[in-house]
Every structure is written in C-alpha cells, then in structure tokens.
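Everything below concerns the one structure shown next.
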Ligand code: 13P
C-alpha cells in the first residue's frame with residue numbers, strides 16, 4: 001500500500017530549545033491524520049526531539065548522512081549514528097546539498113546504500129533548475145537523477161525508498177509548481193519506476209512534492225493522483241502551518 005507522507009525539512013533553522021518546542025507542539029496536534037508525518041531536524045536535535053515524540057504516526061528524520069560508513073572523516077555524521085538516535089528517515093540529495101556541497105548522483109547512491117543498510121528510509125530528492133525547465137529538459141534531468149541515484153538498487157531495496165520531486169525554482173521562492181506540473185512529473189517518475197521495477201513497486205512508491213508548499217496550496221497539490229504528500233521547508237517551521245498542511249491530505 002502506498003503511504004502518504006508529509007515531512008518537514010527544518011533545514012538549518014531552530015536552536016535546540018526552539019526545535020524541541022516545535023516538535024512538542026506538532027506531536028500534540030497529531031491525531032489520526034491520514035498521512036504519516038516526519039520531522040527532519042538538524043543532527044544535533046535528533047535525540048532530544050525523539051524524546052518528545054509520543055504519537056505512532058510521527059517519525060524522526062535527518063537531512064543528510066555521510067557517504068562513508070565510519071572513520072576519520074571530521075565533521076561527518078554516519079547513517080548508523082543517525083539510526084542510533086531513533087530516527088527512521090533521512091533526506092538524501094536535497095538540491096541545496098547538490099548545489100552548495102557539490103554532491104553528485106554517485107555520492108548520493110553511496111548514501112542511499114548506507115541509509116538502507118542501517119534501516120533508514122531514504123527520502124531521495126530530485127528536480128530541475130529553472131533554465132532546465134525553460135529549455136524543456138526537466139524530464140531528462142529527473143530521469144538521470146533517479147537513474148543514477150536509485151536504479152542500481154534491487155527490487156527489495158528500492159521498495160523502501162521515498163522520492164521527493166522538488167523543482168529547484170519552487171524552493172523557497174513562493175512560486176510552487178502548479179498541481180498539473182506536479183502531477184505530470186510525478187506520473188512520469190512513476191512510469192520510470194514501472195519500467196524498471198514493475199507496476200506493483202511503482203504503485204506502492206511514495207512520491208512527495210516539495211517547493212513552496214503551504215496551507216493555501218497543499219490541498220490542490222495533494223489531490224493529484226500521483227502526489228503522495230509533501231516535503232515542506234519554510235512552512236514546517238511554524239506548527240500551525242505545518243499541521244494545516246498535514247490536515248489538508
Ligand atoms: P520550501 O517549502 O521552503 O520551498 O522548501 C522546500 C524544500 O526544500 C523542502 O525540502
């Protein structure tokens with residue numbers, strides 16, 4: 001069964017105390033919603049946020065993990081360390097990591113493997129930048145990111161992965177993809193998965209939309225047949241907005 005998942009990506013926001021307060025407020029308002037909810041916090045928040053989560057549909061996630069498993073890699077945080085905090089999810093390949101930290105699909109493929117080995121569910125991000133969309137290359141870009149990042153996985157491995165389509169031009173800009181643009185790309189991604197892994201795996205894969213998703217547009221976006229929830233940046237920093245988005249599924 002395909003899961004509906006709304007994940008908040010806090011990015012590099014919130015002090016530890018602010019993060020705990022936000023997580024506590026979200027936890028209080030989780031009450032029988034249709035979607036699973038994930039809080040993707042900075043590393044330093046993970047174990048403390050875990051302590052305030054009491055609802056069975058609320059999960060913890062990280063925003064990145066190292067492409068190395070352990071050792072002399074100063075400043076890195078491994079998938080096994082993340083798992084040991086009680087987290088279940090990890091965002092991999094966010095466009096900000098691709099752009100600012102030069103993460104390549106090959107590196108991201110290593111991260112995906114380490115996440116899976118450590119029983120973390122990867123939320124793998126893909127999406128085109130504006131000039132690529134304007135040049136009509138958005139399908140090719142997303143195909144290549146998915147192909148290089150994910151398609152070396154076995155059927156069993158792939159079936160654990162969540163995909164987030166995040167058009168880069170929509171991230172933090174206030175300009176979301178239209179429901180039609182999102183649906184078109186999500187259906188395309190599902191077709192790629194169908195070709196590679198078959199109908200049943202494709203039908204069960206959660207494909208989230210991310211990019212300026214807010215209470216005012218979430219309902220329409222989530223109503224699309226291939227949009228299975230969202231990866232929420234700015235609006236996940238406010239408990240009211242985030243819960244309103246979760247409730248619009
Ligand atoms: P915004 O919701 O702030 O546009 O960010 C989306 C995002 O990057 C989530 O990962």
Count - residues of the stretch 15-25 that are buried (at least 18 other Cβ atoms within 10 Å of the Cβ) and either in a loop (DSSP other than H, G, I, E, B) or within 16 Å of the ligand (Cβ to nearest atom) (or both): 1
Sole exception among (1) crowded, with 18+ Cβ neighbours inside 10 Å; (2) at pLDDT 95 or above; (3) in contact with a helix residue (DSSP H, G or I) (Cβ under 7 Å, 6 or more places away or on another chain) for residue 139, by number: (1)
Residue within the stretch 186-193 that is within 16 Å of the ligand (Cβ to nearest atom) and crowded, with 18+ Cβ neighbours inside 10 Å present: yes
Number of the condition not met by residue 56 [criteria: (1) at pLDDT 95 or above; (2) within 18 Å of the chain's Cα centre (by Cα)]: (2)
Every pair of residues 6+ apart whose Cβ atoms lie under 6 Å, when the first sits in the stretch 209-226 and is within 9 Å of residue 176 (Cβ to Cβ) and in contact (Cβ under 8 Å) with a residue 24 or more places away in the chain while the second is part of a strand (DSSP E or B) and near the ligand (Cβ under 10 Å from one of its atoms): 209/230; 213/230; 213/232; 221/209
Enumeration of residues in the stretch 47-70 that are under 19 Å from residue 112 (Cα atoms) and assigned to a loop (DSSP other than H, G, I, E, B): 63, 64, 65, 66, 67, 68, 69, 70
Test: residue in the stretch 35-46 that is part of a loop (DSSP other than H, G, I, E, B), in contact with a helix residue (DSSP H, G or I) (Cβ under 8 Å, 6 or more places away or on another chain) and touching a residue at least 40 places away in the same chain (Cβ under 8 Å): yes
Top-ranked residue in the stretch 159-185 [being assigned to a loop (DSSP other than H, G, I, E, B), away from the ligand (no atom under 12 Å from the Cβ) and touching a residue at least 12 places away in the same chain (Cβ under 8 Å); ranked as nearest to residue 149 (Cα to Cα)]: 161
Meets criteria (closer than 19 Å to residue 4 by Cα, surrounded by fewer than 15 Cβ atoms within 10 Å (Cβ to Cβ) and within 16 Å of the ligand (Cβ to nearest atom)) for residue 219: yes
Residue check for residue 31: outside any strand (DSSP E or B) and within 16 Å of the ligand (Cβ to nearest atom): no
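The values are calculated or read from the model by the stated rules, or taken from the named source; none is laboratory data. Bear in mind the structure is a predicted one, so any value in this text is a computation, not a measurement. Counting neighbours? That spans all protein chains shown, and the Cβs are built from the backbone with ideal geometry, glycine included.
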